[in-house]
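In what follows, a structure is listed as structure tokens, so that the remarks can point back to it.
The values are calculated or read from the model by the stated rules, or taken from the named source; none is laboratory data. The structure presented is a predicted model; accordingly, all values stated were derived computationally and were not measured. Here the Cβ positions follow ideal geometry from the backbone for every residue, glycine too, while neighbour counts run over all protein chains shown.
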């Protein structure tokens with residue numbers, strides 16, 4: 001299972017990962033459209049929130065729009081989605097997101113673009129056992 | 001896979017039988033701020049189809065849903081119209097909020113008609129996809145008037161902009177088959193099935209007055225056309241009398257913004273927050289997602305509120321045999337289980353792999369939704385049938401035959417008591433021993449309703465008519481009146497109200513008859529003692545029926561309002577305020593504003609005001625149909641207290657103490673009958689005093705008629721409304 005793994009300790013809160021994510025998928029720098037979220041905990045400490053690919057959202061989706069691909073990554077078929085946001089409310093980690101510019105929610109699909117740009121190695125793509 | 005397989009040959013045969021009797025082409029309008037802006041009129045007598053504009057007056061005054069239904073029906077019928085008159089209609093609407101996907105419980109339809117049971121207007125709400133898809137297909141409501149000569153289907157194809165009346169000789173009548181047939185016939189490919197919803201009844205609706213409507217929703221994950229019921233008041237009987245096999249809507253383009261709301265952002269935020277609340281709170285509150293409404297059976301039994309043996313008692317030692325765990329083995333609890341998209345309350349429960357032991361489908365393994373609490377309590381507890389399998393089987397057959405499980409259960413319980421009291425005998429019942437607890441007899445009565453034969457047809461006439469029939473057998477009419485659990489001709493839903501004066505009036509004063517969707521005050525009143533005075537009860541009997549009416553105006557389900565509460569609801573608020581769940585009321589204010597863009601709606605009071613308009617209009621509608629006065633709010637004594645010495649003695653300690661504390665008499669030395677009658681005088685007086693207080697609070701005169709001042713203040717002083725009121729009040733102001 002291909003998962004974006006986070007390590008808070010080296011994170012410097014530069015938010016570059018958020019910018020890379022929203023730019024890659026929504027063609028704009030907008031942290032509200034990022035699938036990874038960096039939050040300050042004070043004292044130069046940061047919380048990194050990103051999908052663990054646990055698949056709870058696959059079970060809650062009423063239309064079958066959420067599915068797990070061959071790499072074990074949970075993805076959304078937008079054409080099947082009716083924008084109910086059940087998955088947002090029932091995500092154990094709070095890492096399914098929505099934005100009012102779009103009807104459908106969005107999530108990390110372990111593309112790894114943010115990990116490539118992260119200057120401190122706080123996020124990495126790893127292959128975990130299913 | 002579905003339990004009903006429709007072969008290609010079967011589909012071709014069904015299609016080949018279709019003959020177009022009428023056709024109407026239209027340009028589907030874009031839904032704007034929750035409204036399509038037009039309603040659909042279909043007349044089956046002369047095969048007329050037309051679109052009618054929905055104007056600003058309709059939106060402002062009647063809002064949508066039940067409000068639209070009532071207004072359209074008001075204009076279609078006159079005071080002499082009977083349920084089987086050609087001008088009677090089946091009217092169905094969602095509402096402006098109906099069809100949004102982001103908030104739980106937003107897919108309800110509301111059906112309205114002149115009832116075969118009550119003779120007056122009845123409303124019934126239901127899940128499934130029909131109402132929302134109808135709106136997105138271009139119509140805020142549908143009126144079906146007239147009587148067809150042959151069996152027909154009415155098709156509303158929102159993808160093509162086409163409405164047709166189709167002669168349909170080959171389709172099934174029973175709903176579990178018909179819903180699958182409609183999905184198979186009108187979907188060009190499997191993916192389209194979820195965009196198809198049908199409204200149908202069944203053969204039981206042909207032979208009884210308690211026919212229900214089944215609204216389908218196609219569950220793509222389970223590949224089954226599932227059914228939800230608009231059960232109350234016999235609207236399925238009206239549909240079948242019109243020779244309608246199905247109303248079918250097709251709309252394939254559903255998205256999260258199909259309702260084109262004014263402010264999607266607020267809807268998304270409110271909905272996501274509510275989903276989270278359910279995720280966190282439901283597992284530690286009512287577990288609706290796990291058990292559905294049947295979690296109530298244990299609670300009601302624990303509090304002596306579960307109807308047992310025709311409402312004689314409120315609990316039974318065997319009740320645990322029909323608690324939720326006994327049905328869990330049939331439930332597929334995997335993933336979402338809502339009857340509209342985004343309903344994370346997910347109380348719909350789906351049973352697969354249930355093999356039938358009786359009836360025309362005996363031996364078949366079927367799927368069925370439910371059972372709901374009302375079905376378990378009505379067919380199980382109230383008939384003394386402590387057999388979960390028999391209840392589930394009856395649930396399946398009631399649904400597919402198109403019979404209301406509540407009226408069925410309550411009516412059969414009445415017949416069973418009459419049998420045990422010797423009013424009926426096996427000669428009258430055609431050989432059936434109708435003892436409490438006989439599940440096989442219960443199922444046979446149900447199948448007789450389906451076949452249109454035997455004593456089942458008598459039970460299917462409902463309690464009001466059974467009372468008349470049984471009186472002819474020499475029974476004491478007063479006793480039948482006391483134990484026959486109906487008001488206005490509608491059978492009680494399944495709560496024992498003897499210890500809750502407020503709920504006695506909640507049932508007695510309900511516009512359509514005793515159904516709990518208008519008022520459910522038992523816990524607030526009898527358990528928590530939060531509304532102790534007449535004024536408190538009257539206020540509750542104003543606020544809650546109005547508030548609950550609001551859901552029906554908007555295409556909403558009531559459950560997400562108070563079947564889950566924010567964590568701090570009971571610490572921030574107390575008493576009746578806590579029961580209102582203010583944070584959720586505010587959610588609904590936000591939803592209404594965000595869908596419609598109506599910035600003048602700012603508070604929960606503004607929402608209640610909408611309901612007051614429609615609620616009073618419905619009361620006047622009752623008046624127009626020859627009802628709607630105080631005499632029609634009278635309740636059978638069993639809903640207020642013990643009718644028999646047996647009942648009194650079953651709770652003698654409680655009743656004796658009440659005689660001392662409340663009535664001010666010392667019961668020692670009195671016979672059970674004397675004590676029972678003393679308690680009865682007290683309780684009947686209490687009920688009448690409460691009715692006085694409620695009428696005053698609602699702005700009605702002491703005969704229960706809204707005053708002219710009231711209808712003027714509400715803006716519904718239309719000439720024909722004023723005329724109806726004047727005719728019943730001698731022109732008094």
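Taking the range A:24-101 as the region of interest, the strands (runs of 3 or more DSSP E) fully inside it that hold 3 or more residues being within 22 Å of residue B:220 (Cα to Cα), free of Cβ contacts under 8 Å to residues at least 60 places away in the same chain and within 14 Å of chain B (Cβ to nearest Cβ) are A:66-68.
Here is a check on your reading of the model: is residue B:515 touching a helix residue (DSSP H, G or I) at 6+ places or on another chain (Cβ under 7 Å), free of Cβ contacts under 8 Å to residues at least 60 places away in the same chain and crowded, with 21+ Cβ neighbours inside 10 Å?
Values: touching a helix residue (DSSP H, G or I) at 6+ places or on another chain (Cβ under 7 Å): yes; free of Cβ contacts under 8 Å to residues at least 60 places away in the same chain: no; crowded, with 21+ Cβ neighbours inside 10 Å: yes.
Criteria not met by residue B:515.
When you scan the range B:620-641, do you find a residue that is in contact (Cβ under 8 Å) with a residue 40 or more places away in the chain and farther than 30 Å from residue B:82 by Cβ, even just one? Taking every residue of the range B:620-641 in turn, at least one turns out to be in contact (Cβ under 8 Å) with a residue 40 or more places away in the chain and farther than 30 Å from residue B:82 by Cβ.
Results for (1) outside the structural domain of residue B:237 (by TED's automatic domain parsing); (2) surrounded by fewer than 18 Cβ atoms within 10 Å (Cβ to Cβ); (3) at negative phi, shown as yes or no for each residue.
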position: B:438; (1), (2), (3): yes, no, yes
position: B:446; (1), (2), (3): yes, no, yes
position: B:451; (1), (2), (3): yes, yes, yes
position: B:459; (1), (2), (3): yes, no, yes
position: B:462; (1), (2), (3): yes, no, no
position: B:472; (1), (2), (3): yes, yes, yes
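Considering only the range A:102-130, state which residues are part of a loop (DSSP other than H, G, I, E, B) and over 15 Å from residue A:68 (Cα atoms). Within the range A:102-130, A:102, A:103, A:104, A:105, A:112, A:118, A:119, A:120, A:121, A:122 meet the criteria. Number of residues in the range B:327-370 that are at pLDDT below 90, more than 14 Å from every other protein chain (Cβ to nearest Cβ) and in a loop (DSSP other than H, G, I, E, B): the value is 4. The number of residues in the range B:610-642 being closer than 17 Å to residue B:119 by Cβ and either in a loop (DSSP other than H, G, I, E, B) or touching a strand residue (DSSP E or B) at 6+ places or on another chain (Cβ under 8 Å) (or both) comes to 13.
Tallying residues that are in a loop (DSSP other than H, G, I, E, B) and either buried (at least 16 other Cβ atoms within 10 Å of the Cβ) or at positive phi (or both) within the range B:691-717 yields 7. Look at (1) crowded, with 20+ Cβ neighbours inside 10 Å; (2) in contact (Cβ under 8 Å) with a residue 24 or more places away in the chain and you find that residue B:482 fails only one, number (1).
Out of curiosity, is residue B:690 touching a residue at least 40 places away in the same chain (Cβ under 8 Å) and in contact with a strand residue (DSSP E or B) (Cβ under 9 Å, 6 or more places away or on another chain)?
Details: touching a residue at least 40 places away in the same chain (Cβ under 8 Å): yes; in contact with a strand residue (DSSP E or B) (Cβ under 9 Å, 6 or more places away or on another chain): no.
Judged against the criteria, residue B:690 is not a match.
Of the listed requirements (1) more than 14 Å from chain A (Cβ to nearest Cβ); (2) surrounded by 24 or more Cβ atoms within 10 Å (Cβ to Cβ), residue B:167 misses just one: (2).
Results for (1) modelled with pLDDT under 95; (2) buried (at least 24 other Cβ atoms within 10 Å of the Cβ); (3) at negative phi, shown as yes or no for each residue.
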| residue | (1), (2), (3) |
| --- | --- |
| B:154 | no, yes, yes |
| B:159 | no, no, yes |
| B:187 | no, no, yes |
| B:196 | no, yes, yes |
| B:200 | no, yes, yes |
| B:220 | yes, no, yes |
| B:225 | no, yes, yes |
| B:232 | no, yes, yes |
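In contact with a helix residue (DSSP H, G or I) (Cβ under 7 Å, 6 or more places away or on another chain) and assigned by TED's automatic domain parsing to the domain that holds residue B:175: which single residue out of B:246, B:351, B:315 fits that description? Break it down into steps so the answer makes sense when it comes.
On the way: B:351 fails: assigned by TED's automatic domain parsing to the domain that holds residue B:175; B:315 fails: assigned by TED's automatic domain parsing to the domain that holds residue B:175.
Of the residues listed, the single one that is in contact with a helix residue (DSSP H, G or I) (Cβ under 7 Å, 6 or more places away or on another chain) and assigned by TED's automatic domain parsing to the domain that holds residue B:175 is B:246.
Count of the range B:385-404 residues, restricted to those that are crowded, with 24+ Cβ neighbours inside 10 Å and in a loop (DSSP other than H, G, I, E, B), is 3.
The numbered conditions (1) more than 30 Å from residue B:190 (Cβ to Cβ); (2) surrounded by 15 or more Cβ atoms within 10 Å (Cβ to Cβ); (3) touching a helix residue (DSSP H, G or I) at 6+ places or on another chain (Cβ under 9 Å) are all true for residue A:107 except (1).
Against the test of being assigned to a helix (DSSP H, G or I), away from chain A (no Cβ under 14 Å) and either buried (at least 23 other Cβ atoms within 10 Å of the Cβ) or at pLDDT 95 or above (or both), the options B:319, B:315 yield a single qualifying residue, B:319. Scoring residue B:496 on the criteria (1) within 24 Å of residue B:305 (Cβ to Cβ); (2) surrounded by 19 or more Cβ atoms within 10 Å (Cβ to Cβ); (3) out of contact with any strand residue (DSSP E or B) (no Cβ under 9 Å at 6 or more places or on another chain) leaves a single failure, condition (3). What is the one condition in (1) in a loop (DSSP other than H, G, I, E, B); (2) touching a strand residue (DSSP E or B) at 6+ places or on another chain (Cβ under 7 Å) that residue B:429 does not satisfy? Only one criterion in (1) in a loop (DSSP other than H, G, I, E, B); (2) touching a strand residue (DSSP E or B) at 6+ places or on another chain (Cβ under 7 Å) is unmet by residue B:429, namely (2). When you scan the range A:110-124, do you find a residue that is surrounded by fewer than 19 Cβ atoms within 10 Å (Cβ to Cβ) and under 30 Å from residue B:266 (Cβ atoms), even just one? No, every residue in the range A:110-124 fails to be surrounded by fewer than 19 Cβ atoms within 10 Å (Cβ to Cβ) and under 30 Å from residue B:266 (Cβ atoms).
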